[in-house]
Amino acid sequence: MLSREAAFPRQAIGDFDAMAKRRFQAPKPERSGGWWYLRIWADVFENGELIRKRQRHKLAPANIGEREAKKMAAEFLRPLNQGLAPISSALPFTDYVREVYNSTLLPLMAKSTRDRYEGIIRNYLEPAIGSTILRDLTPRTLQQFCSALPAHLSYESRDKIRDVLSSILQSAVKYGLLVTNPVEGVRLSPGMRGNRVKPFLDPTKFLGLVALIPEPYSTMVHVAVYTGLRASELIGLRWGNVGTDSITVAERYVRGEWGSPKTKCSNATIPVNPSVIDRIHRLKTLTVEIKAGTAVRRYSAVKGTGPGDLVFASLMKGRPMRDNNILCRFIKPAARKLGIGFVNWQVLRRSHATWLKLAGADVKDAQAQMRHSRVTTTLEIYQQFIPESQRRVVNRLNELTAPTLGLVN
């Protein structure tokens, strides 16, 4: 049998001993006031850094005997000493989110994604499991949490809540506060409704919508439907990105923050119909009138035409626009006048994908135009219509039984 020195190099033995010494703890319980306490070393985050700190853990009421208190201490320390539960996993969920997750991973997300994550944490996670310590978030308790989510939430909403929870606890695994992610394997109950055809604009409704929206927002909607650009990409579009028959997507502006396009595939140059380019350049000649009380103020639709100037800028100060303001003040009111049930920026982008299909575009061409990483995203999420070939097949079903109809009394 190999000796310890032969099996492990001297440096490895030193590292192993240091690790074992660091992890193993056997403090004696101390009685203070009405409780037994246990002093342990714990890993805690301070100012974004993981440090080692002495903490006092409330073990049991003081009316139990010392022998029983030592047994309880041994039970408490066993998973910690065996590496099955890091000491810092006693941190409550809300404290971990506020002290660690919010300062490390959340700032790396886009503004819109960050806002949604914060809303889910505030409205669903903290009220239900905020006071629960990390090591008590087991697959069973999290399955109970997911199974108890409100029934009125769609499957997609419940799935997003699970994704946010998984992201938080996966970061706890990364930083050594948990051994495994307990969300893995947690299932959701099926939705009460099947997949629905998602709304899009047919060409007739689109023309009516554009006619009711004032400039320059009318041109924004026109460009959105004919190019498939996202709202953030339209707002971040500069004159240097507009070619004679193409548009280059190089950056985006999301509610106060500039950033790169959503994905690597989103950063691309796409072909654009010349008539769309002409409509964009027509903005340079337009003057927009805005009522201010009893007076009327006039502004140029375009504030600057240099390569670095924005194509669509706020009329008064020339700053980047806010997509939700345009949607609520101009697009949705126009849609209500036309009797369109639901319309947003996503509907405009989906309309572009659907129109490509109606025009007979190859699915790979549609994927490239939509700048999707996967063709399934284009097919399953964006292109929404029943092909005429499918309708023809259904209509021909009657032909299979037509010859026998006269034999039936």
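Every number in this text was worked out from the coordinates using simple rules, so none of it is lab data. Every value quoted in this text rests on a predicted model; they were computed, and no experiment measured them. Cβ coordinates were reconstructed from backbone atoms using ideal geometry, including for glycine residues, and neighbour counts include every protein chain displayed.
Among Phe342, Phe93, Phe145, what is the fewest-to-most ranking by other Cβ atoms within 10 Å?
Values: Phe342 10, Phe93 24, Phe145 20.
The fewest-first ordering by Cβ neighbours comes to Phe342, Phe145, Phe93.
Tell me which residues come under 5 Å, amide H to amide H, from Trp36 once H is placed; ignore anything under 5 positions away on its chain.
Leu59, Ala60, Ala62
By how many nm would the segment from Glu118 to Asn63 lengthen if fully extended, with 0.36 nm per residue of separation less the alpha-carbon distance? Don't skip to the answer; put the middle values down first.
Values: separation 55, 0.36 × 55 = 19.80 nm, distance 4.36 nm.
Stretched out fully, the Glu118 to Asn63 stretch lengthens by 15.4 nm.
Say the cut-off is 28 Å between C-alpha atoms; which of Lys198/Lys303; Lys264/Lys332; Lys262/Lys357; Lys28/Lys53 go over it?
Values: Lys198/Lys303 37 Å; Lys264/Lys332 31 Å; Lys262/Lys357 24 Å; Lys28/Lys53 18 Å.
Violating the 28 Å Cα-Cα cut-off are Lys198/Lys303; Lys264/Lys332.
Determine, for Val296, Val242, the number of other Cβ atoms within 10 Å of each Cβ, and report the residues in order from fewest to most. Walk me through the numbers on the way to the answer.
Working: Val296 9, Val242 18.
The most exposed by this proxy come first: Val296, Val242.
Just want the ordering: Thr378, Thr248, from fewest to most Cβ atoms lying within 10 Å of their own Cβ.
Working: Thr378 23, Thr248 15.
Going from sparsest to densest Cβ surroundings: Thr248, Thr378.
Using the Karplus equation 6.51 cos²θ - 1.76 cosθ + 1.60 (θ = phi - 60°), what ³J(HN,Hα) coupling, rounded to whole Hz, does each residue of region 25-34 give in order, writing x for Gly and Pro?
9, 9, x, 8, x, 10, 8, 8, x, x
Going by amide H atoms built from the backbone, whose H comes under 5 Å of the H on Val288, apart from near neighbours?
Residues meeting the amide H criterion: Tyr299, Ser300, Ala301.
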